[in-house]
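One structure below.
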Amino acid sequence: KGKKGKGFDDAFDDEAEPAAPQEEEEDVNFGAKKGKGKKGKKGKGSGAGSDAAGSAETAAVPAKKAQLVKRAAGSFGEVGPTAAPRSHSDGGTGATVPASTEDGDDDHYEPGFLVELLSADDDIGLTWKVGRVVEADSAQKTFSVQLLGEPHQRGPNGEPLANAPMEYNVMRSDMRLACAHCEKHQLLLAELPLFCDYCKRAMQRPTRKYYQESLEAARAAGSSSTLRLCNSCFHKLRVMEYPVLASELKKISQRDAGMLDWAEFHEQAVPVREGDGPVLSGEEDPRWVQCESCHLWYHFVCGLYDEQSFKDGAGKFFCVSCIQKDATLRPCASWAKHPAESLPHTHLSKHVEDAVAADLAAAGISCEPVHVRVISSVFEQSHCPEDLVQRMWNLGGPYPSEFPYRSKALVAFQKVDGMDIAFFAMYVQEYGSECPPPNTNRVYISYLDSVRYFESQPEGKRTLVYHAILVGYLEHVKRLGFTHAHIWVSPPKQGDDYIFYGHPDEMVNKRMGLLKLKQWYEQMLNIAKGKGIVADYQDMLEEFKGLESVSEIPLFSGDHWATSIHNKLKEESKKQLSKQPSSSGAKPPKASKQSSMNDMVEQLTEEMKSMRNHFIVVTLHAEHVGVGSNNCKPPTPDQRIHDPDPLMSNELIDSRATFLEKCQVFHWQFNEVPNAQHSTMMLLHYLHNRHRSKPAAPGDKSKRTGASGSLSEMARIHRSRTQKIESAMRDWSQLLRHAEQATKSETWELPPEELFGRILSQINRSKRDILHDKYNQCKQPTTSVMARSVFIRVLKRIAESFISCLLNMQSNPSLQA
């Protein structure tokens, strides 16, 4: 439920479950995005048929030519003239597309196909009605269609009644294909959120408007991309003086501020929801696929079609209905080949999964098993504000510039109608005993998110599962030796998504307020307290009473306090500069700096008081109760934390923001059950295949030389991999030493080109191009010292991360595969 971190926004909504009126259910979904309505997933090139048959007011509705992923030609007779199939580039084995014809006869409707028929209605005029093709006249190119009517007007299995109305002599132009699952032609995609280029925040209500630069103005300024600014940033920037504006503009664009024409920024309306529906882009999901068995057509999403599997050479596609009727077809389904339960366990995931199962059993709840998995575990660095580090050193006390931590992503799955759905996700930061104070042995629950698809008997038990996951996690980290857990309580803003893209519409409409959200967390912590897992919990003001220095406050990646302290230090520096005589170049005395630091402590104490409901500090061990975080002693060597779980790096999900962006780009949405099933299937496909070995070539030497040759080849491969790891370790260690020296001496000298070239060859292309461009920029004499220092720090962080992975590969040979 609450989300923290860079907006620790969790969206919890109250829901009174009809089957369990005695209890209120809340969902943790930070960022319940606008989301109802079917939104198909966009595929890289996979074509799909779509008629743009017009609106209800349109009298003539010309049908667009459909692009359909079709089964192999010749496997059944087509209605009308047979079209020679052509191979589809992304369709995989047997995926072909009917050749287009000039008269638009590329849509072939067979008896049994579901279609939408343009019909006249006395009340609303022209409208689309769903029906099933009964007969086709290939000579006249007309069809007989039986209308299915509404669900309550059909038989027990959804079949049309005997007296269902028929339409005869229907022309192709009055028909369009309908999905055999959702019985609709159009599957509209959700509108991607708009972000301000300056403040980077999503533009949502109550903003209502934003300002978009015209393309002509951007080109006149020598830029290929336009600027988009929210209402507040637009009015803030346009009144800035030139030197300040030039500095600010460099943060978001390479162009000169003098080339900015404010008259060319045009006011636009922020897309808003209409009624209960989502904000839709008006763009259809154009991807369709045909079942090899029943020959019916489905949207990719509705048919659970895994386009990636078919690109990789999978076999024929069979719909869920046919697979359920014929078990021999089951191995062909991606959702059956890659179930969540077959993902490997870690100590953490096994502990949390067992805790959830125990709580469900104790409450007498029957349901499909909940499978919990850790899908990412990587080392990261949380960077302290430079001005704070410098200030603490000036006062005579060392202060770390970075706090190392392990970032983990944990997801809970459950089968709904036989298919996995990811219904809960959590990102956490674990600062172990090797991390310097004040972050030592602390965990930070960074992001939580959920979608309300957990099913049970009785209903309405989602909160119990969410609480069980959190309590199980706290128990695990307590056993490892962590002493405190931190939670930022802050409800999400409307339209925010944090992990899952697109939430069920009822979650968007119902949101939990700040106090209700805090109560939800306290309810969870009371359960943990009753089990002896949590010793106590309190707000920040109580935990840090007697605060003497800013350096006593833990600073986490994306946390509120890191930003707050940085902003206060900037304001303090401005005040000191304004008070300092212009003729004097002397630095302020140490006593003055200490006085300003004391003032800042008072400001932070007041801020903690005003935000008492926003932060919870959990004390896990009884010996720390009442001591206060600022008085905790560092761990002794025998108290150091040793995490037994291995590192697991996945480019897709290591970063929450990257995963969310991937979901948005490919429309892996969770707003409805079919979308959630399809999105989860694609996620599981990636997780199961991320370490997949490439198939051996037909002429592979290991196959020609028999068993002994195969073993010899395996040994050679192992030696080669070991040598590559050692070589990479030398390069990255050299880069790290160079970056550390450049940082310590503040020369910010770039690494040698030869070394940097070897480094670039070892990383993926997207990051390689970015780093190469930055390196070339920093070589220019006009590049500022600040820009070079930032680049060196980035290289240092990357080197530390790579070295950590390489060390793990050396200690775990199995990972070298």
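I'm trying to understand the selection: among the residues of region 558-578, which are of a type in the set (Asp, Glu), crowded, with 16+ Cβ neighbours inside 10 Å and in a helix (DSSP H, G or I)?
Glu572
State which residue pairs qualify: first residue within 16 Å of Leu736 (Cα to Cα) and open to solvent by 50 Å² or more (accessible area, probe 1.4 Å) and inside region 779-791, second residue among the aliphatic types (A, V, I, L, M) and assigned to a loop (DSSP other than H, G, I, E, B) in any location, beta carbons under 9 Å apart, and separation of 6 or more residues or different chains.
Arg788/Leu750
Say whether the condition of being within 13 Å of Val617 (Cβ to Cβ) and of a type outside the set (Phe, Trp, Tyr) is met by at least one residue in region 519-531.
Scanning region 519-531 turns up at least one residue that is within 13 Å of Val617 (Cβ to Cβ) and of a type outside the set (Phe, Trp, Tyr).
Give the number of residues within region 509-551 that are among the charged types (D, E, K, R) and within 21 Å of Gly481 (Cβ to Cβ).
Of the residues in region 509-551, 4 are among the charged types (D, E, K, R) and within 21 Å of Gly481 (Cβ to Cβ).
Kindly indicate whether any position in region 315-334 is part of a loop (DSSP other than H, G, I, E, B) and of a type in the set (Lys, Arg). Working first, answer last.
The initial filter retains those residues of region 315-334 that are part of a loop (DSSP other than H, G, I, E, B), namely 315-319, 326, 333.
Filter again for of a type in the set (Lys, Arg), leaving 316.
The answer is yes, given that some residue of region 315-334 is part of a loop (DSSP other than H, G, I, E, B) and of a type in the set (Lys, Arg).
Just the residues that are exposed (fewer than 15 other Cβ atoms within 10 Å of the Cβ) and either free of Cβ contacts under 8 Å to residues at least 12 places away in the same chain or within 21 Å of Cys294 (Cβ to Cβ) (or both), please, taken from region 147-183.
Result: Glu150, Pro151, His152, Gln153, Arg154, Gly155, Pro156, Asn157, Gly158, Glu159, Ala162, Asn163.
If I filter region 187-209 for residues that are within 26 Å of His667 (Cβ to Cβ), at pLDDT 90 or above and not charged (D, E, K, R), do I get at least one hit?
no
Scan Arg704, Arg692 and give me the residue that is closer than 30 Å to Lys662 by Cα and either at pLDDT 50 or above or not β-branched (Val, Ile, Thr) (or both). Explain how you work it out, then say what you get.
Values: Arg704 fails: closer than 30 Å to Lys662 by Cα.
It is Arg692.
What residue, of Glu368, Glu402, Glu353, is closer than 30 Å to Glu746 by Cβ and either at pLDDT 85 or above or of a type in the set (Phe, Trp, Tyr) (or both)?
Matching residue, one of Glu368, Glu402, Glu353: Glu402.
Pro81: open to solvent by 70 Å² or more (accessible area, probe 1.4 Å), in a loop (DSSP other than H, G, I, E, B) and modelled with pLDDT of 80 or more, yes or no?
Judged against the criteria, Pro81 is not a match.
For region 213-230, which positions are open to solvent by 40 Å² or more (accessible area, probe 1.4 Å) and within 27 Å of the chain's Cα centre (by Cα)? Outline the logic, then answer.
Of all residues in region 213-230, those open to solvent by 40 Å² or more (accessible area, probe 1.4 Å) come to 215-216, 219-220, 222, 224-226, 228.
Result: Ser225, Thr226, Arg228.
Determine the pairs where a residue that is over 25 Å from Ile323 (Cβ atoms), located within region 280-292, has a partner that is part of a strand (DSSP E or B) and modelled with pLDDT under 80 with Cβ atoms under 6 Å apart, the partner being 6 or more residues away or on another chain.
From region 280-292, the pairs are Leu280/Leu188; Ser281/Leu189; Glu283/Leu189.
Quick one: would you say Tyr466 is outside any loop (DSSP other than H, G, I, E, B), over 26 Å from Gly418 (Cα atoms) and hydroxyl-bearing (Ser, Thr, Tyr)?
no
In this structure, does Glu274 turn out to be crowded, with 16+ Cβ neighbours inside 10 Å, of a type in the set (D, E, K, R) and either out of contact with any helix residue (DSSP H, G or I) (no Cβ under 8 Å at 6 or more places or on another chain) or modelled with pLDDT under 80 (or both)?
no
When both residues are 6+ apart or on different chains and their Cβ atoms are under 6 Å apart, which pairs have a first residue that lies in region 598-612 and is closer than 12 Å to Ser549 by Cβ, and a second that is open to solvent by 10 Å² or more (accessible area, probe 1.4 Å) and part of a helix (DSSP H, G or I)?
The qualifying pairs are Met600/Lys568.
Could you list, in sequence order, all residues of region 387-402 that are over 31 Å from the mean Cα position of the chain (by Cα) and crowded, with 18+ Cβ neighbours inside 10 Å?
Residues satisfying the conditions are Leu388, Arg391, Met392, Tyr399.
Determine which single condition Arg452 fails, assuming it passes every other condition in (1) at pLDDT 95 or above; (2) open to solvent by 20 Å² or more (accessible area, probe 1.4 Å); (3) touching a Lys or Arg at 6+ places or on another chain (Cβ under 7 Å).
Unmet for Arg452, out of (1) at pLDDT 95 or above; (2) open to solvent by 20 Å² or more (accessible area, probe 1.4 Å); (3) touching a Lys or Arg at 6+ places or on another chain (Cβ under 7 Å): (1).
When you check Asp354 against the structure, is it touching a residue at least 24 places away in the same chain (Cβ under 8 Å), among the acidic types (Asp, Glu) and surrounded by 18 or more Cβ atoms within 10 Å (Cβ to Cβ), yes or no?
Answer is no for this residue.
Could you list, ordered by first residue, the pairs with Cβ atoms under 8 Å in which the first is in region 631-657 and of a type outside the set (Lys, Arg) and the second is modelled with pLDDT under 65 and open to solvent by 60 Å² or more (accessible area, probe 1.4 Å), at least 6 apart or interchain?
Hits for this filter: Pro646/Leu815.
Taking region 753-781 on its own, how many of its residues are at pLDDT below 80 and polar (S, T, N, Q)?
Qualifying residue count for the region: 2.
Open to solvent by less than 20 Å² (accessible area, probe 1.4 Å) and in contact with a Ser or Thr (Cβ under 9 Å, 6 or more places away or on another chain): does that describe Phe424?
When the stated conditions are applied, Phe424 passes them.
What's the total number of residues in region 360-386 that are open to solvent by 40 Å² or more (accessible area, probe 1.4 Å), assigned to a helix (DSSP H, G or I) and touching a residue at least 24 places away in the same chain (Cβ under 8 Å)? Quick ask: steps written out before the conclusion?
So the first thing to find is which residues in region 360-386 are open to solvent by 40 Å² or more (accessible area, probe 1.4 Å), and the list is 361-364, 366-369, 379-381, 383, 386.
If we keep only those that are assigned to a helix (DSSP H, G or I) too, we end up with 361-362, 386.
Filter once more, so that each one left must be touching a residue at least 24 places away in the same chain (Cβ under 8 Å): none.
Qualifying residue count for the region: 0.
The values are calculated or read from the model by the stated rules, or taken from the named source; none is laboratory data. What you are looking at is a predicted structure, and each value in this text was computed from that prediction instead of being measured. As a convention, Cβ positions derive from the backbone with ideal geometry for all residues, glycine included, and neighbour counts pool all protein chains shown. Please note that ligands, DNA and RNA were not included when accessible areas were found on the heavy atoms of the full protein model with its side chains. Shrake-Rupley method; radii C 1.70, N 1.55, O 1.52, S 1.80 Å.
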